[in-house]
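*Asks:* For reference, the structure I am asking about is given below.
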Amino acid sequence: MSQSALSRELALRIGLAARALPDTPPKLFISVLRACTGTALNDKSLTELGKAQFQQALNNFGIVADAESIRESLRILQNAEAQMPKADTSQAIESASSIRVAIGSDDPQLISGHFGSCRQFLVYQIAADDARLIDVRSIDSDAQRQHDDKNVYRAELIADCQVLYIASIGGPAAAKIIKYGIHPVKADQGEAITQIIKQLQIVLAHAPPPWLAKSMGIQPMQRVCFEQES
């Protein structure tokens, strides 16, 4: 496949993805992609391109880049924003017992990434009988760089949420999240987001644990204490 056979939109993405890597001209970058995908250089083959395979191909062509640059390049290639589900802001969930949950992930379907490096937070409003994606909050790299503390910047981005699900988060970052009234919950890398939501709905439908009840602003079930007969 010649470079001219690429669609205009795909050629633009490839050029931007090459620019995300140091000293990588587009022509060399296309050679890397062809080594990964064969002749099928299209949206489907790029979507299926794994990070490990991509990094190995870069190494084979002598392209040295840090993990963040490689991830950014792959994100642009795979048009991650376009694959994100659309937020539904048309109607709010009426249930008073609903909870707002942030899920840090670079994938629209699976948990992935570290709190300090994920590209966006999916914000869901969840009740026992309903769940709705209400916002997708992307990290503004320039705003993050200008902030004194990138973890505080990220915490402020989801400050209206009560719970954060994330694959990995360090102790200092977790402490800052908690200061904002957000309860961090570690999820397994690759776990389905739909499964997390279902599990949380089951908890909401029954007696939530004290930490969740506190986040929801309701009183947890109290233990019954019996006075000893005199």
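*Asks:* Can you list the HN-Hα couplings for segment 142-150, worked out from phi with the Karplus curve (6.51, -1.76, 1.60; θ = phi - 60°), rounded to whole Hz and with x for Gly and Pro?
*Replies:* For segment 142-150, the Karplus curve yields 5, 5, 5, 5, 6, 7, 5, 9, 5 Hz.
*Asks:* What percentage of all Cα-Cα pairs in segment 1-77 are separated by more than 16 Å?
*Replies:* The share of Cα pairs beyond 16 Å in segment 1-77 comes to 40 percent.
*Asks:* While we're looking at this one, here's another question. Answer rounded, prolate or oblate for segment 147-186, using the Cα gyration tensor with square roots of eigenvalues a ≥ b ≥ c: rounded when a/c is under 1.5, else prolate when a/b is larger than b/c, else oblate.
*Replies:* oblate
*Asks:* What ranking, highest mean first, results for peptides 51-61, 112-122, 15-25 when packing means the other Cβ atoms within 10 Å averaged over each residue?
*Replies:* 112-122, 15-25, 51-61
*Asks:* Please compute the length gained on full extension between LEU6 and ASP142, using 0.36 nm multiplied by the number of residues separating them and subtracting their Cα-Cα distance.
*Replies:* Contour length minus the Cα-Cα distance gives 45.9 nm.
*Asks:* Let me ask another. Please provide three numbers in whole Å: the alpha-carbon extents of segment 160-214 along the principal axes, with the largest listed first.
*Replies:* 32, 28, 17
*Asks:* Roughly speaking, what is the stretch gain from ALA213 to SER45, that is 0.36 nm per residue apart minus the C-alpha to C-alpha distance, in nm to one decimal?
*Replies:* 56.0 nm
*Asks:* Now for a separate question. Compute the length gained on full extension between GLN189 and ASN79: take 0.36 nm times their separation in residues and subtract their Cα-Cα distance, giving the result in nm to one decimal.
*Replies:* 37.5 nm
*Asks:* Using a 1.4 Å probe, what is the accessible area per residue for segment 1-75, in Å²?
*Replies:* 56
*Asks:* Could you give the size of the charge dipole of segment 7-49 about its Cα centre, using +1 on the Cβ of each K and R and -1 on the Cβ of each D and E, expressed in debye and rounded to the nearest 20?
*Replies:* Dipole size: approximately 120 debye.
*Asks:* In a Debye calculation with equal point scatterers on the alpha-carbon sites of segment 93-200 and no solvent, what is log10 I(q)/I(0) at q = 0.19 Å⁻¹?
*Replies:* Per q value, in the given order, log10 I(q)/I(0) is -0.92.
*Asks:* While we're looking at this one, here's another question. Given a Förster radius of 25 Å and the C-beta distance between LYS27 and ASN60 as r, what FRET efficiency does 1/(1 + (r/R0)^6) yield to the nearest 0.05?
*Replies:* 0.95
The values are calculated or read from the model by the stated rules, or taken from the named source; none is laboratory data. None of the values given here were measured: they were computed from a predicted structure. All Cβ positions, glycine included, derive from the backbone under ideal geometry; neighbour counts span all protein chains shown. Accessible surface areas use protein heavy atoms only, side chains included; no ligands, DNA or RNA. Shrake-Rupley method; radii C 1.70, N 1.55, O 1.52, S 1.80 Å.
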